[in-house]
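Read through the structure below, which is laid out as structure tokens, and then see the notes.
The values are calculated or read from the model by the stated rules, or taken from the named source; none is laboratory data. The structure presented is a predicted model; accordingly, all values stated were derived computationally and were not measured. A quick note on method: Cβ atoms are made from the backbone with ideal geometry, for glycine too, and the neighbour counts reach across all protein chains shown. Ligands, DNA and RNA are stripped out before the accessible areas are found, and what is left, the full protein with its side chains, is counted by its heavy atoms. Shrake-Rupley method; radii C 1.70, N 1.55, O 1.52, S 1.80 Å.
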Amino acid sequence: MAVRKTTKKPNVSAEELKTYYREMLLIRRFEEKAGQLYGMGLIGGFCHLYIGQEAVVVGLEAAAEDGDKRITSYRDHGHMLACGMDPGGVMAELTGREGGLSKGKGGSMHMFSKEKHFYGGHGIVGAQVPLGAGLAFADKYKDNGRVTFTYFGDGAANQGQVYETFNMAAIWQLPVVFVIENNQYAMGTAQARSTSTKDIYHRGEAFGIPGEIVNGMDVLAVKEAGEKAVAHCRAGKGPYILEVKTYRYRGHSMSDPAKYRTREEVQKVREQSDPIEHVRELLLTGKHATEDDLKAIDKEIKEVVNQAAEFAKESPEPSLDELWTDIYA
Ligand SMILES: Cc1ncc(C[n+]2csc(CCOP(=O)(O)OP(=O)(O)O)c2C)c(N)n1
Ligand SMILES: [Mg+2]
């Protein structure tokens, strides 16, 4: 794997590091809890966890400003938490309850927030890419200086609609950051088996879209690259591609036993490149926090997640009348 920790001493405050630690930990603990609830039969249907990829969305959210937009695939819980959507509302949507962000009618892959400018949650691979360009088109039209983060996977990067979108985004110089979350696998297919080249971002060159590779296990590297990409878009220079190399620790979805890779492969990444451990080490070695400080944060996050799970269990099932609301035909 081409991801490695940064070795240079980061120029970052203790508070900032603690924020990233807290935000990444929230995603990890939330996902672990979702996995447990799934195992207990409280969550049905598809459920794709984001464990291992936390630094990607936390780093990019740190580069975003109020009013910027985000859109992603079905692996979306982390994106929602990182942009400030309520953990209880997300968890209750997973359990299909009335208190869920889509009133219990959408589930894991279909949640939105107008307030936080989160545009889903899309189950069709690659579908969010043209939609993301559309959001950026609207912002360009309104000339409001906003940027859209459009996330998609290494597998989705082989979809034709991605390249139609690249073409249009380049022609219209749209303020969109295309974020390829390259977690090395598309379901059970390793990138080397599905993709003709090791790196994907340079496909943008054919359309005149600049881009770069980012270490997705290092939240500081992601933030830095995100700031560069966003500045490019806000300066009216059009789209930018970030290929963020990351890794998912769990199977593709809860029903995937992940037999296509070895336990050792996963263990090696966990031990050598875990994004949360990385920040933990920076906090401790930089004397920005003590073990006790970190324990207090761990406890605080556990509490938030437990409360979200309680809410998700106690919220009632949607009433039958809800079958007739929020439909467009
Ligand atoms: C158009 C379409 N084709 C196939 C599928 C089935 N499918 C769901 S996820 C997936 C793999 C996508 O992998 P990637 O883009 O790398 O995202 P990741 O799951 O790794 O986040 C496939 C083939 C689908 N949902 N939609
Ligand atoms: Mg993938």
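At 0.890 mPa s and 25 °C, plugging the Kirkwood radius over alpha-carbon pairs of the stretch 272-329 into Stokes-Einstein gives what diffusion coefficient in µm²/s? Don't skip to the end; give the middle numbers.
On the way: Rh = 15.2 Å.
Rounded, D is 161 µm²/s.
Given q = 0.23 Å⁻¹, what are the Debye log10 I(q)/I(0) values for the stretch 122-163, with equal point scatterers placed on the Cα positions and solvent ignored?
The Cα Debye sum returns log10 ratios of -0.73.
About the Cα centre of the chain, what is the dipole size in debye to 20, counting +1 per Lys and Arg Cβ and -1 per Asp and Glu Cβ, all else neutral?
800 debye
Can you flag which of Lys116/Lys142; Lys198/Lys223; Lys18/Lys237 are past 27 Å Cα-Cα? Please list the in-between numbers first.
Numbers: Lys116/Lys142 19 Å; Lys198/Lys223 23 Å; Lys18/Lys237 33 Å.
Lys18/Lys237, as the Cα separations exceed 27 Å there.
Taking the convex hull of the Cα atoms, report for the chain its projected area averaged over all directions, in nm².
Mean shadow area of the hull around the Cα atoms is 17.0 nm².
If amide hydrogens are placed 1.01 Å from N in the peptide plane, which non-local residues have theirs closer than 5 Å to the one on Val214?
Result for Val214 returns Glu243, Val244, Lys245.
I want to verify a result. In a Gaussian network model of the chain, Cα cutoff 10 Å, which of these has the top mean-square fluctuation: Thr72, Thr246, Thr197?
Thr197
Using only the alpha carbon atoms of the stretch 20-141, find the Kirkwood hydrodynamic radius as the inverse mean reciprocal pair distance, in angstroms to one decimal.
That comes to 14.5 Å for the stretch 20-141.
How big is the gap, in Å, between the Cα center of the stretch 261-319 and the Cα center of the stretch 228-260?
So the separation of the two Cα centres works out to 20 Å.
On each of the three principal axes of the Cα atoms of the stretch 169-251, give max minus min coordinate, whole Å, ordered largest first.
39, 29, 16
How long is the gain from Lys302 to Glu115 if the chain were fully straight, where each residue apart is worth 0.36 nm and the alpha carbon distance is subtracted?
Working: separation 187, 0.36 × 187 = 67.32 nm, distance 2.56 nm.
Extending this stretch completely gives an extra 64.8 nm.
What is the extension gain from Ile327 to Trp172, computed as 0.36 nm multiplied by their sequence separation minus the C-alpha to C-alpha distance, in nm to one decimal?
52.5 nm
Per residue, how big is the convex hull around the C-alpha atoms of the stretch 106-146? Give it to me in cubic angstrom, could you?
Taking the convex hull of the Cα positions in the stretch 106-146, it is 68 Å³ per residue.
Using only the alpha-carbon atoms of the stretch 129-206 as identical scatterers, what base-10 log of I(q)/I(0) does the Debye formula give at q = 0.26, 0.28 Å⁻¹?
Here log10 of I(q) over I(0) equals -1.21, -1.33.
How much accessible area does Tyr185 have with a 1.4 Å probe, in Å² rounded to the nearest 10?
Its heavy atoms expose roughly 20 Å² to the probe.
Leaving ligands, DNA and RNA out of it, work out the accessible area of His232 with a 1.4 Å probe and give it in Å² to the nearest 10.
30 Å²
Comparing Val244, Val125, Val214, which has the greatest mean-square fluctuation in the GNM of the chain with Cα pairs linked when under 10 Å apart?
Val125
According to the Cα gyration tensor, what semi-axes, each the square root of 5 times an eigenvalue, does the equivalent ellipsoid of the stretch 68-130 have, listed from largest to smallest in whole Å?
Here the semi-axes work out to 18, 13, 9 Å.
Might you report the magnitude of the Cβ-based charge dipole of the stretch 48-115 about its Cα centre, with Lys and Arg at +1 and Asp and Glu at -1, to the nearest 20 debye? Working shown, then result.
Working: 7 positive and 10 negative charges, 71 e Å.
Here the size comes out at about 340 debye.
For the stretch 177-323, what is the largest minus smallest coordinate of the Cα atoms on each principal axis, given in angstrom and ordered from greatest to least?
Over the stretch 177-323, Cα extents along the principal axes are 53, 52, 41 Å.
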